[in-house]
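Since the structure comes first, as structure tokens, the remarks are kept for the end.
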Amino acid sequence: MQPLALYEIPYEQPRVTSDGSLSPEIREKIEHHIRAAAQNGKILCAGALAIARSLGVRSSDVGKVADAIHIKIAKCQLGCF
């Protein structure tokens, strides 16, 4: 399998604003995925890491959004959250 050339990478919405904070669209996507994965107000660490990986954001961004919407991250594997 050949690697993609730089010009073949599809354009995506910017993930951060000019001040370094998450764009509203990305924050909304993170929140949606957290709420979908949460049970009893908690999400597993593995799930939070998977959300970060799938959306191309830092795990700390997922943690910040989870804190803001009062969802706890449980069974943390690496101490990231």
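Could you grab me the full set of residues in the stretch 29-78 that are part of a helix (DSSP H, G or I), among the charged types (D, E, K, R), within 10 Å of the chain's Cα centre (by Cα) and surrounded by 12 or more Cβ atoms within 10 Å (Cβ to Cβ)?
Across the stretch 29-78, the qualifying residues are K29, E31, D61, K64.
Report, by residue number, each residue of the stretch 59-81 that is modelled with pLDDT under 90 and among the charged types (D, E, K, R).
Scanning the stretch 59-81 gives a single hit, K75.
Look at the stretch 1-49 and say how many of its residues are at pLDDT 80 or above and either hydroxyl-bearing (S, T, Y) or over 30 Å from A74 (Cβ atoms) (or both).
The qualifying residues number 2.
The values are calculated or read from the model by the stated rules, or taken from the named source; none is laboratory data. Treat the numbers as computed from the prediction; the structure is a model and nothing was measured. So basically every Cβ, Gly included, is an ideal-geometry build from the backbone, and we count neighbours across all protein chains shown.
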